[in-house]
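To keep things clear, I will list the structure first and then write my remarks on it.
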Amino acid sequence: MNKPMETQPKPTDAPRIGVAMGSGSARGLTLIPYIEAIDELGLKPSVIAGSSIGSFIGAGWAAGMTGAEIREHSIAVLGSMNAIMSRLWSTQMEGLKNIFREGLAVQFDAVRVIEAFSPDELPLEFEGLKIPLYVIATDFNSWHQIVFHAGPLIPAIAGSVAIPSFFRPVKHSDRLLVDGGVVNPLPLDVASTNTDLLIGLDVNGDPSDYDPARTPTAIDVGFGSAQIMMHALIVNTIAAYPPDVYARMPVGGFGAFEYWRVREMLDAADKEKDAFKRQVDVAVEGFIAGKERTA
């Protein structure tokens, strides 16, 4: 008989868990109930690896915030269009002046946006985190994956979330950085380092998310094309680093930049929490049973 899902494993029995948190723009907000599920099981990751918004949400978790606290903060800063716009406005005063020089193609400064939306718990340096965090970004000049694990935290996250065209590339550590999802939208390879159980949280979506009767906008086509490329990368990563627990977030119907729909996204993911908890519980029990057999 399985033990209740809320029972915490003994510290000596608990596996070292690596969690890969994927990229998916606003849809990454659906990651939060899955963090809550792991919290409710009494588990804590040994490693968190995040790409794009997965790195930002993962940083809050690594800083010691619970999933419930991340939920509360997300609703506070994203729960209305006014809340979002007031914070964006504070980051863009200089950028708004550039409209007269550059037209409507002004891009956001990712560092200032991350600063504006960050919780107070987020430290300035990786070394201030309570759980090891690996942030994935893309070096625009070399076309290579860059993994940040030490030094300034905010610029690394900003580089990881810097969606091409929407954000200006981020200059950090002598590199020009863009969105980590360009090279590694679900960093299972990084999260698997020195861990016993690997959890993959995929927020990229799939073709069923789109209504075939709807005429896609230019933004839909651009983001959808990126999703297709990221899907191919994720399939290859899963084949090379198969996770013990894999969950695809319920992102159908949510736009890439519809952050103000945070409550709806949380509600959608809440419906999947129990099934995910069962998956994790079975994986943990399997690890403990295997350990006992070889003892």
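The values are calculated or read from the model by the stated rules, or taken from the named source; none is laboratory data. Keep in mind it's a predicted model, so treat the numbers as computed, not measured. All Cβ positions, glycine included, derive from the backbone under ideal geometry; neighbour counts span all protein chains shown. All accessible areas refer to the heavy atoms of the entire protein, side chains included, with ligands and DNA or RNA removed. Shrake-Rupley method; radii C 1.70, N 1.55, O 1.52, S 1.80 Å.
Structure above, values below:
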{"quantity": "Subset of the stretch 31-52 [in contact with a strand residue (DSSP E or B) (Cβ under 8 Å, 6 or more places away or on another chain) and of a type in the set (A, V, I, L, M)]", "calculated": "LEU31, ILE38, LEU43, VAL47, ILE48, ALA49"}
{"quantity": "Flag if ASN194 is touching a residue at least 12 places away in the same chain (Cβ under 8 Å), surrounded by fewer than 16 Cβ atoms within 10 Å (Cβ to Cβ) and over 30 Å from ASP281 (Cβ atoms)", "calculated": "no"}
{"quantity": "Given (1) open to solvent by less than 80 Å² (accessible area, probe 1.4 Å); (2) free of Cβ contacts under 8 Å to residues at least 40 places away in the same chain, index of the condition LYS171 fails", "calculated": "(1)"}
{"quantity": "Subset of the stretch 232-256 that is farther than 14 Å from GLY205 by Cβ and part of a loop (DSSP other than H, G, I, E, B) - its residue that is least open to solvent (accessible area, probe 1.4 Å)", "calculated": "PRO243"}
{"quantity": "Total residues in the stretch 259-282, condition buried (at least 16 other Cβ atoms within 10 Å of the Cβ) and either over 16 Å from ILE35 (Cα atoms) or without any contact (Cβ under 8 Å) to a residue 24 or more places away in the chain (or both)", "calculated": "3"}
{"quantity": "Pairs with Cβ under 7 Å, 6+ apart, first in the stretch 119-147 and under 16 Å from GLY58 (Cβ atoms) and open to solvent by 20 Å² or more (accessible area, probe 1.4 Å), second aromatic (Phe, Trp, Tyr) and outside any loop (DSSP other than H, G, I, E, B)", "calculated": "VAL147/TYR134"}
{"quantity": "Flag for LYS97 being among the basic types (Lys, Arg), more than 24 Å from ASP179 (Cα to Cα) and modelled with pLDDT of 85 or more", "calculated": "no"}
{"quantity": "Matching residues, the stretch 248-270, being among the charged types (D, E, K, R) and touching a helix residue (DSSP H, G or I) at 6+ places or on another chain (Cβ under 8 Å)", "calculated": "GLU258, ARG261, ARG263, ASP270"}
